[in-house]
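Read the structure below first, then the notes.
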Amino acid sequence: MVLRTLLAVVLLVVSPLLSANAAGAAPAPKAGAVALACNGYVALTYDDGPNAQFTRPLLSALRSAGARATFFDLGSRVQQQPQLARETVQAGMWVGNHSWSHPYLTNLSAAAVAKELGDTQNAIRNATGRTPTLFRPPYGATNATVQTEARKLGLTQVIWSVDTQDWNGASTDAIVRAATSANAGGIVLMHASYQNTVNAVPRIVQGLAAKNLCPGRIDNTGRVVAP
């Protein structure tokens with residue numbers, strides 16, 4: 001009886017040490033190790049925010065998945081909800097210019113385009129302390145006038161290579177299939193306006209990882225690079 005008791009005590013003492021040694025033999029990957037597995041980068045982008053219902057859940061989903069994304073926000077909505085724009089930046093995301101009121105910019109004069117973009121620059125700067133360098137024209141509608149006025153404000157135009165159709169009622173499964181079809185350097189269009197889009201986040205990140213692709217950043221030339 002005494003022997004069994006002593007053996008139990010020894011096991012209680014030794015077991016944690018053995019576990020610790022085993023953990024030490026195979027340390028967890030360092031924070032930067034994920035980047036080493038990336039053979040390329042895909043930009044996840046979300047238009048039309050900030051959205052009082054979906055921006056925070058979307059940010060939470062992205063953070064949980066270890067992903068960063070670019071939010072092309074509307075100036076009028078940033079003015080109404082500056083805290084959400086600040087939270088977007090604080091969460092490690094990037095905020096771009098998506099115009100003030102989401103018009104077809106190609107139908108506007110140069111002065112009107114300049115106001116749409118300029119007012120949005122000011123709203124985002126005032127809310128976040130950062131001045132956007134990226135711009136996405138609503139509906140992807142652009143022309144020489146739009147691009148000229150954007151350049152005057154130091155903005156690089158960004159369209160997309162994959163449209164998930166989340167704006168058109170796409171299911172979560174359909175959004176995931178579309179987003180994970182992207183190749184290295186791809187830019188995925190989504191919107192900060194739908195629950196299906198929020199639900200798709202973890203599966204999109206997992207699906208890209210299966211292709212050795214990681215969520216990336218859009219640089220000032222419009223290329224998708226490491227975050």
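The values are calculated or read from the model by the stated rules, or taken from the named source; none is laboratory data. Here the structure is a predicted model, which means the values were calculated and not measured. So basically every Cβ, Gly included, is an ideal-geometry build from the backbone, and we count neighbours across all protein chains shown. Remember, those area values only see protein heavy atoms, side chains included, never the ligands or the DNA or RNA. Shrake-Rupley method; radii C 1.70, N 1.55, O 1.52, S 1.80 Å.
Do you know which residues across region 55-96 are closer than 23 Å to PRO138 by Cβ, open to solvent by 20 Å² or more (accessible area, probe 1.4 Å) and not in a helix (DSSP H, G or I)?
If the condition is that a residue be closer than 23 Å to PRO138 by Cβ, open to solvent by 20 Å² or more (accessible area, probe 1.4 Å) and not in a helix (DSSP H, G or I), then GLN81, TRP94, VAL95 are the ones that fit.
Taking PRO132 as meeting all but one of (1) touching an Asp or Glu at 6+ places or on another chain (Cβ under 9 Å); (2) closer than 18 Å to THR45 by Cα; (3) not in a loop (DSSP other than H, G, I, E, B), write down the number of the exception.
Status for PRO132: all satisfied but (3).
Would you be able to say whether some residue in region 201-208 is closer than 17 Å to TYR46 by Cβ, in contact with a Gly (Cβ under 8 Å, 6 or more places away or on another chain) and touching a residue at least 12 places away in the same chain (Cβ under 8 Å)?
Checked against the condition, which is being closer than 17 Å to TYR46 by Cβ, in contact with a Gly (Cβ under 8 Å, 6 or more places away or on another chain) and touching a residue at least 12 places away in the same chain (Cβ under 8 Å), region 201-208 yields at least one hit.
So which of GLY207, GLY185 ends up being in a helix (DSSP H, G or I), small (Gly, Ala, Ser), over 14 Å from GLY96 (Cβ atoms) and modelled with pLDDT of 95 or more?
Within the list GLY207, GLY185, the selection yields GLY207.
Which residue pairs have Cβ atoms closer than 7 Å, lie 6 or more positions apart in sequence or on different chains, and pair a first residue in region 44-55 that is over 21 Å from ASP219 (Cβ atoms) and at pLDDT 95 or above with a second residue that is among the hydrophobic types (A, V, I, L, M, F, W, C) and assigned to a strand (DSSP E or B)?
Hits for this filter: GLY49/PHE71.
Out of SER19, SER76, SER101, SER60, report the one residue that is modelled with pLDDT under 95, over 20 Å from VAL225 (Cα atoms) and of a type in the set (Ser, Thr, Tyr).
The unique qualifying residue is SER19.
Residues being under 19 Å from THR55 (Cα atoms) and in contact (Cβ under 8 Å) with a residue 40 or more places away in the chain: count how many of those fall in region 183-198.
Residues in region 183-198 being under 19 Å from THR55 (Cα atoms) and in contact (Cβ under 8 Å) with a residue 40 or more places away in the chain: 10 in total.
Check whether at least one residue in region 111-130 is over 19 Å from ALA67 (Cα atoms), of a type in the set (Ser, Thr, Tyr) and surrounded by fewer than 16 Cβ atoms within 10 Å (Cβ to Cβ), and report yes or no.
no
When residues of region 188-223 are filtered for being among the small types (Gly, Ala, Ser) and surrounded by fewer than 17 Cβ atoms within 10 Å (Cβ to Cβ), how many remain?
Residues that pass the stated criteria total 2.
Could you tell me whether region 146-158 includes any residue that is in a strand (DSSP E or B) and open to solvent by less than 20 Å² (accessible area, probe 1.4 Å)?
Scanning region 146-158 turns up no residue that is in a strand (DSSP E or B) and open to solvent by less than 20 Å² (accessible area, probe 1.4 Å).
Restricting the search to region 164-182, which residues are open to solvent by less than 50 Å² (accessible area, probe 1.4 Å), touching a helix residue (DSSP H, G or I) at 6+ places or on another chain (Cβ under 7 Å) and free of Cβ contacts under 8 Å to residues at least 40 places away in the same chain?
Within region 164-182, THR164, ASP166, ALA170, THR172, ILE175, VAL176, THR180 meet the criteria.
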